[in-house]
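Working notes for the structure below.
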Amino acid sequence: MLMQKERELVAEYGRKLSAAGLCPGTSGNLSIFSPASGLMAISPSGMDYDQIQPEDVVVADLNGRVADGSRKPSSEWALHAVFYQNKPEARAVVHTHSVYCTTFAILGAPLRAVHYAIGDAATDEVVCASYRTFGTPELAQAAIAACGNGNAVLLANHGVVVCGADLPGAYSLARNLEYVAELQYQALCVGTPNVLTQSQMA
């Protein structure tokens, strides 16, 4: 089985994402990239995370061509591929529909430095990419253009996508950004959030 270890990790962290409430139902997707082979192990399309076994995880190239596996890769494979193509340090991508991040994505508003944990995204503001239809190359291009030098971007009326040096790191970033988004939401409900300055973040 190609990329067995990576497929095991994708299945494991898919369950973690589901248990953490970051990927309701079959929403969201995750992947690991191997630059040596040019292949990524990506979660299958339309499967409940609790049911995904390593053999269900699909191995595909960055053009979406399946190299191993009997299932269809996530419909968002291009979203993952564009991060690997444009961020050489990225080895894992996580895309979620987590409630608070998606709330700000619906508003078209950025996540701001209301808490220093946002620094894990290598930026002090996670911006929102313009709306594009899910599963399209246009969405992938809008996401990577808006992401800039950071490691995360909101997708308008959709969710959030993050990348990391490995899957545990990308998973941790997705959780931290949901935490920041929840804090920002609650602070806005009460008053005007105190946003950390660039020098404070530095």
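The values are calculated or read from the model by the stated rules, or taken from the named source; none is laboratory data. The structure presented is a predicted model; accordingly, all values stated were derived computationally and were not measured. Ideal geometry is used to build each Cβ from the backbone, glycine not excepted, and the neighbour counts take in all protein chains shown. To get the accessible areas, we keep the full protein, side chains included, count just its heavy atoms, and leave off ligands, DNA and RNA. Shrake-Rupley method; radii C 1.70, N 1.55, O 1.52, S 1.80 Å.
Odds and ends about this structure:
- For the stretch 110-202, the set of trypsin sites (Lys or Arg not before Pro) satisfying both a DSSP loop assignment and a count of at most 15 other C-beta atoms within 10 Å is empty.
- The stretch 66-192 pair-distance distribution - Cα-Cα, 10 Å bins, rounded %: 14, 47, 30, 8, 1, 0
- Note on exposure: Met47, Met40, Met201 ranked by accessible area (1.4 Å probe, complete protein assembly) read Met201, Met47, Met40, with the most exposed listed first.
- Our note on the geometry: Cα centres of the stretch 148-191 and the stretch 47-65, 24 Å apart.
- Residue-count net charge about Pro168 - beta-carbon cut-off 11 Å; Lys, Arg +1, Asp, Glu -1: +1
- With the Kirkwood sum run over all distinct C-alpha pairs, the stretch 37-93 has a hydrodynamic radius of 11.5 Å.
- Here's the list of lysines a cross-link from Lys5 could span, going by alpha-carbon distance under 20 Å and ignoring same-chain residues fewer than 8 apart: Lys16, Lys72.
- Helical segments meeting 27 Å axial Cα length and Kyte-Doolittle -0.5 threshold in the chain (DSSP H): 167-190
- If only the Cβ of Lys and Arg carry +1 and only the Cβ of Asp and Glu carry -1, the dipole of the chain around its Cα centre is close to 180 debye.
- The chain, accessible surface, carbon-and-sulfur percent (1.4 angstrom probe): 49 percent
- For the chain, modelled as a GNM whose springs connect Cα atoms under 10 angstrom apart, the maximal fluctuation among Thr192, Thr103, Thr123 occurs at Thr192.
- Panel values: the stretch 32-136, Kirkwood radius from alpha carbon pairs, Stokes-Einstein at 37 °C and 0.692 mPa s, translational diffusion coefficient 213 µm²/s.
- Overall form of the stretch 1-74 per C-alpha gyration tensor (a/c, 1.5; a/b vs b/c): prolate
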